Amino acid sequence: MKKLIKHISRPFNWLAFRKKKPKHDPRAELDKAINRLPGLAQSLKLHKIDLAAEDTVHIFGYGSLPGKPHAPPTDMKTAYLSGYARDFCCRSVRSGTEEFTGLTLGLVKDKDSAVKGKVMSYSGMNIAELADMLNEFAVREVPSTPIYVFQIKRVTDEDGNTVHAITCLADTKAPGFVGDALGKEVREVLSEEEMKEASLWRKASIIAQAAGYLPVGKRHTTNKSYMDRFVRYTLDSSPTKIDENAPPKLQELQKKVIHGENRMRELIEAVDVMRSILKPQNRKWLEKIEKKQWDSFIKDQQAIEDTQQRRAEARRAAEEEAARKAKENDPDAPENILPPPLIRKPPQPDASPS
């Protein structure tokens, strides 16, 4: 009898299991993806933004992110983040070791500066696609050591439009944040100007010497190589200049960017000085690693520039074709207005006398 009851109850148990089994919930997946980016959920709530309801989601990036985005954006423009500056203010095991950590870039508050980067726009995504995009962003931008916080910031694009964008900032409360790289005891005995000078040379010393190994790529790297590729290269190849034809708002942002870039140049010069006084043998093996990375980086940059040029040419061709078709279909266009038909005069009767 017990066997019969057990046999009869099996289909009902299976139905109950199917009923209890949770269905795939795209919204829950999106929430999980947002929570993988520390601080983003709180910032979205503060700004009363629901990403699932947005037609377009924007991400502000600088350095390597715009060059090799985690996911192809539908649009990308030069943009400015005011009130922040780039700084080597976070610990990095990637370009150092656990015993001698390197320094990596982070964005810190600075009312006199602005950061020039790219605003990457993602349009037309459903909730599942948006979750996938943010998951890829987290894989790329969230290191194992907590050093970043993600917040919604207002950025101004090259056309003067302001949008809300997800922005990666240095987390000043994280264990990996080093700030000026000076200890409390040092700050107590130095003036503000002396602290700036001490911080500059302390960071330069670290960047000039730190080296590590990347298990993912199975390659050696140095802190100076990171600085050269993602800071020095940009400052040398495309320094910010004030566009006299730009609106005053954009010109003011460009001035702030130049202020931040000049501070970064001071650090680069200090790094070069610190590298020059290392023992020749130490310099030799560090420079050997850096040359290999630099050659690979330049090759990648050329490929990126070629791709961007092809896309720009394709975009221009599409715009020209669209303009041509619009003109072709515009009845009011001068070239589409036909002249009135010629009306022949009727033949005049012969008036000569018969």
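The values are calculated or read from the model by the stated rules, or taken from the named source; none is laboratory data. Here the structure is a predicted model, which means the values were calculated and not measured. Heads up, the Cβs are rebuilt from the backbone with ideal geometry, glycines too, and the neighbour counts pull from every protein chain shown.
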> Going by the conditions given, is Ala333 under 23 Å from Asp75 (Cβ atoms) and not acidic (Asp, Glu)?
Replying inline: no
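Here's a check for you: in the range 70-102, which residue that is assigned to a loop (DSSP other than H, G, I, E, B) and free of Cβ contacts under 8 Å to residues at least 60 places away in the same chain is nearest to Met120 (Cα to Cα)?
Narrowing the range 70-102 to residues assigned to a loop (DSSP other than H, G, I, E, B): 70-74, 93-101.
Applying the additional criterion that residues be free of Cβ contacts under 8 Å to residues at least 60 places away in the same chain yields 72-74, 98-99.
Numbers: Pro72: 9, Pro73: 6, Thr74: 8, Glu98: 34, Glu99: 37 Å.
The residue in question is Pro73.
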> Quick one: is Gly102 crowded, with 17+ Cβ neighbours inside 10 Å and in contact with a Pro (Cβ under 9 Å, 6 or more places away or on another chain)?
Replying inline: no
>> Within the range 278-298, take every residue that is in a helix (DSSP H, G or I) and among the hydrophobic types (A, V, I, L, M, F, W, C) and give me the one that is farthest from Ile207 (Cα to Cα).
In response: Ile298
> Would it be correct to say that Asp330 is modelled with pLDDT of 95 or more and surrounded by 10 or more Cβ atoms within 10 Å (Cβ to Cβ)?
Replying inline: no
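I'm trying to understand the selection: among the residues of the range 159-174, which are farther than 17 Å from Leu81 by Cβ and either touching a residue at least 60 places away in the same chain (Cβ under 8 Å) or surrounded by 12 or more Cβ atoms within 10 Å (Cβ to Cβ) (or both)?
Applying the first criterion (farther than 17 Å from Leu81 by Cβ) to the range 159-174 yields 173-174.
Result: Ala174, single match.
I need the full set of residues from the range 242-277 which are aliphatic (A, V, I, L, M), assigned to a helix (DSSP H, G or I) and in contact with a Gly (Cβ under 9 Å, 6 or more places away or on another chain), in order please.
Leu250
Against the definition (modelled with pLDDT of 85 or more, out of contact with any helix residue (DSSP H, G or I) (no Cβ under 7 Å at 6 or more places or on another chain) and either farther than 30 Å from Leu103 by Cα or assigned to a loop (DSSP other than H, G, I, E, B) (or both)), how does Glu335 come out, yes or no? Spell out how you get there, then give the answer.
Numbers: modelled with pLDDT of 85 or more: no; out of contact with any helix residue (DSSP H, G or I) (no Cβ under 7 Å at 6 or more places or on another chain): yes; either farther than 30 Å from Leu103 by Cα or assigned to a loop (DSSP other than H, G, I, E, B) (or both): yes.
Spelling it out, it is not the case that Glu335 is modelled with pLDDT of 85 or more, out of contact with any helix residue (DSSP H, G or I) (no Cβ under 7 Å at 6 or more places or on another chain) and either farther than 30 Å from Leu103 by Cα or assigned to a loop (DSSP other than H, G, I, E, B) (or both).
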> In the range 117-138, what residues are farther than 30 Å from Glu261 by Cβ and of a type in the set (A, V, I, L, M)?
Replying inline: Met125, Ile127, Ala128, Leu130, Ala131, Met133, Leu134
> What pairs can you find where one residue is in the range 205-230 and farther than 18 Å from Leu267 by Cβ, the other is of a type in the set (Lys, Arg) and part of a helix (DSSP H, G or I), and their Cβ atoms are less than 6 Å apart, with a gap of 6+ or different chains?
Replying inline: none
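What's the total number of residues in the range 180-195 that are surrounded by 14 or more Cβ atoms within 10 Å (Cβ to Cβ) and either under 33 Å from the mean Cα position of the chain (by Cα) or hydrophobic (A, V, I, L, M, F, W, C) (or both)? Explain how you work it out, then say what you get.
If we filter the range 180-195 for residues that are surrounded by 14 or more Cβ atoms within 10 Å (Cβ to Cβ), which is where we start, we get 180-182, 186-187, 190, 195.
After this cut, where a residue has to be either under 33 Å from the mean Cα position of the chain (by Cα) or hydrophobic (A, V, I, L, M, F, W, C) (or both) as well, the list is 180-182, 186, 190, 195.
Result for the range 180-195: 6.
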> Do we find a residue being in a strand (DSSP E or B), in contact (Cβ under 8 Å) with a residue 12 or more places away in the chain, acidic (Asp, Glu) and surrounded by fewer than 20 Cβ atoms within 10 Å (Cβ to Cβ) anywhere in the range 136-144?
Replying inline: no
> Which residue, of Glu305, Glu313, is under 26 Å from the mean Cα position of the chain (by Cα), at negative phi, surrounded by 11 or more Cβ atoms within 10 Å (Cβ to Cβ) and modelled with pLDDT under 90?
Replying inline: Glu305
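For the range 43-54, which positions are on the phi > 0 side of the Ramachandran plot and assigned to a helix (DSSP H, G or I)?
Going through the range 43-54, the residues on the phi > 0 side of the Ramachandran plot turn out to be 48.
Correct list: empty.
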> Does Phe150 qualify as being of a type in the set (Phe, Trp, Tyr), at pLDDT 95 or above, buried (at least 20 other Cβ atoms within 10 Å of the Cβ) and not in a helix (DSSP H, G or I)?
Replying inline: yes
> Listed residues Ser225, Ser191, Ser144; which is in contact with a Leu (Cβ under 9 Å, 6 or more places away or on another chain) and farther than 22 Å from Thr78 by Cα?
Replying inline: Ser225
> Restricting attention to the range 55-64, does a residue exist that is surrounded by 13 or more Cβ atoms within 10 Å (Cβ to Cβ), in a helix (DSSP H, G or I) and more than 16 Å from the chain's Cα centre (by Cα)?
Replying inline: no
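Output yes when any residue across the range 302-313 is closer than 20 Å to Leu235 by Cβ, of a type in the set (Asp, Glu) and touching a helix residue (DSSP H, G or I) at 6+ places or on another chain (Cβ under 9 Å), and no when none is.
Among the residues of the range 302-313, not one is closer than 20 Å to Leu235 by Cβ, of a type in the set (Asp, Glu) and touching a helix residue (DSSP H, G or I) at 6+ places or on another chain (Cβ under 9 Å), which makes the answer no.
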